[in-house]
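Trainee: Just dropping this structure here.
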Amino acid sequence: MSMLGGSDAALGASPRAAVTQPPRWRRRLLLFIAMLLSGGLLIFPRIPLLLLLMGLCIAQRGYRFTFDRRMTGIAALLAAVLMLSLLRPGSFDPVSLAVRFANFVAGLMLLRVYLESPAGTLFEDLQAILQWMAMQALLTVLLAVAAQPLFVVVDVNETLYHTLGWVFTHHESLTGADLVPRPDGFFYEPGVFQIYLNIYLYIALFVTRRWGHAVLALAAVVATQSTTGLAIALLLIGALVLQSMQRGSLSARAIRVVGLLVLLAPMAWVAQENISNKLFGEARGSAWARQYDLLTGLNVIAANPVLGIGFEHERYLTESADLGFAATLLDERLTERRGNTNGIIFVLYTLGLPLALPFIVGMFRQRFFAHRLLFGALLFASFLSESIVFTPFFLMLIFSGLLTTSVAERSRGQRSGQ
């Protein structure tokens, strides 16, 4: 295992075993729908999309969704979550529970689709989708600056979105401090968009090693102006620098490192300016909101450390009203009925510490991306500002880290060099 946390086995069926594969357009469509469920614009209806995703998963595999014994641990975990949800003291909302478990089931179905696909299929599908998303990000900025009159303004839950066909979209921030529009992609904010763009950057840097794609992905991440996104991009490039220092001749390593540092320097400057603006500039309200969510969430966790509070949104609002961070600089109207945007905190206060821990461990043990610790850090950092952990795409990754693996599979993975 490398310093970056290399995986010990590749997920997916052997290419030889996959004699006849269903059409890839359908598989890529279901993957794209799973992405939309991670935080798509509110014009995309959640429940119909969830049902469509499940239907496409069934169509992809026919009716062969038999139980995989590697999923025994996942099934036991979800059974424990269900039992706790039914027995937890306090109010019980069957709709919230049903929707949440529908997402769990969809994550398992998506995982099974890629378990039965040839190794490397997820990389191919992601790259095919994400390269277009990266271009979408850059074109949104270009069009928003050069052709703003073409954009239509739409009020979605008191947020003003500027959109051109719901393909090129950006929205007005609460602070109004964005000098250059920040692309939303198909998502409700750039903070979600950057996660997928950084996954594209990871694939370009560490899987395909296609530098043109890496530059495109990096430019798209910068376009989002997401502080978390910029920090993750710096982490990925820094990891590549570290890896480059360990391979090849001394002169070759020196050339690679210098080239990467030249690329890293302007990125570090952009990140520093972004962080400074959000901590001390006009956009500092964003930092106050993150602080409020973190400290309020920690208070809720401290009050419910073992059992959590469950999936009911109203229960969190009740708890946060009593336990909210009192010294916040946020305007009181922004804290009223405010949900929590910190995904890690959300998992902890929802499930309680004992049942939340396996989900967090699964982030760092996922078996699709080779550098487990590095990719786990990408997910963990992203979830600190986006409460989208329990959505099908990310559940697929987390559940893959909770699969049990036979000795034969581990040996095959080690021989494959993963």
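Trainee: Give the residues of the range 318-341 that are open to solvent by less than 20 Å² (accessible area, probe 1.4 Å) and not in a loop (DSSP other than H, G, I, E, B), sorted by residue number.
Mentor: SER320
Trainee: Would you be able to tell me the number of residues in the range 291-350 that are on the phi < 0 side of the Ramachandran plot and either in contact with a strand residue (DSSP E or B) (Cβ under 9 Å, 6 or more places away or on another chain) or free of Cβ contacts under 8 Å to residues at least 40 places away in the same chain (or both)?
Mentor: Total satisfying the criteria: 21.
Trainee: Are there any helices (runs of 4 or more DSSP H) wholly within the range 344-406 with 1 or more residues that are small (Gly, Ala, Ser) and open to solvent by 10 Å² or more (accessible area, probe 1.4 Å), and if so which?
Mentor: Here the list reads 372-383.
Trainee: Separate question: Whether any residue in the range 119-126 is open to solvent by less than 20 Å² (accessible area, probe 1.4 Å) and acidic (Asp, Glu) is what I want to check.
Mentor: Looking only at the range 119-126, we keep the residues that are open to solvent by less than 20 Å² (accessible area, probe 1.4 Å), and these are 121-122, 125-126.
Imposing the further condition that a residue be acidic (Asp, Glu) reduces the set to 125.
Yes, because at least one residue in the range 119-126 is open to solvent by less than 20 Å² (accessible area, probe 1.4 Å) and acidic (Asp, Glu).
Trainee: Ok, one more. Assess whether ALA98 counts as being under 30 Å from CYS57 (Cβ atoms), small (Gly, Ala, Ser) and loosely packed, with under 14 Cβ neighbours inside 10 Å.
Mentor: yes
Trainee: Let me ask something else. Identify, by number, the condition in (1) in a helix (DSSP H, G or I); (2) open to solvent by 30 Å² or more (accessible area, probe 1.4 Å); (3) free of Cβ contacts under 8 Å to residues at least 40 places away in the same chain that ASP155 doesn't meet.
Mentor: In the conditions (1) in a helix (DSSP H, G or I); (2) open to solvent by 30 Å² or more (accessible area, probe 1.4 Å); (3) free of Cβ contacts under 8 Å to residues at least 40 places away in the same chain, ASP155 misses (1) alone.
Trainee: Now for a different question. Would you mind finding the one in PRO22, PRO15 that is modelled with pLDDT of 70 or more and over 18 Å from the mean Cα position of the chain (by Cα)?
Mentor: Going through PRO22, PRO15 in turn, the sole match is PRO22.
Trainee: Any idea which of GLN131, GLN60 is buried (at least 18 other Cβ atoms within 10 Å of the Cβ), in a helix (DSSP H, G or I) and free of Cβ contacts under 8 Å to residues at least 60 places away in the same chain?
Mentor: GLN60
Trainee: Residues GLY73, GLY90: which one is surrounded by 13 or more Cβ atoms within 10 Å (Cβ to Cβ) and closer than 23 Å to LEU357 by Cβ? Working first, answer last.
Mentor: Details: GLY90 fails: surrounded by 13 or more Cβ atoms within 10 Å (Cβ to Cβ).
When all the criteria are applied, what remains is GLY73.
Trainee: Of these, THR140, THR169, which one is β-branched (Val, Ile, Thr), open to solvent by less than 40 Å² (accessible area, probe 1.4 Å) and under 29 Å from CYS57 (Cβ atoms)?
Mentor: Answer to the check: THR169.
Trainee: Condition (residue is more than 21 Å from LEU50 (Cα to Cα) and among the polar types (S, T, N, Q)) applied to the range 101-110: is it met by at least one residue?
Mentor: Within the range 101-110, none of the residues are more than 21 Å from LEU50 (Cα to Cα) and among the polar types (S, T, N, Q).
Trainee: Scan the range 179-192 residue by residue and report those that are outside any helix (DSSP H, G or I) and in contact (Cβ under 8 Å) with a residue 60 or more places away in the chain.
Mentor: ASP184, PHE186, PHE187, TYR188, GLU189
The values are calculated or read from the model by the stated rules, or taken from the named source; none is laboratory data. Because the structure is a prediction, the values reported are computed rather than measured. So basically every Cβ, Gly included, is an ideal-geometry build from the backbone, and we count neighbours across all protein chains shown. These accessible areas exclude ligands, DNA and RNA; they are computed on the full protein's heavy atoms, side chains included. Shrake-Rupley method; radii C 1.70, N 1.55, O 1.52, S 1.80 Å.
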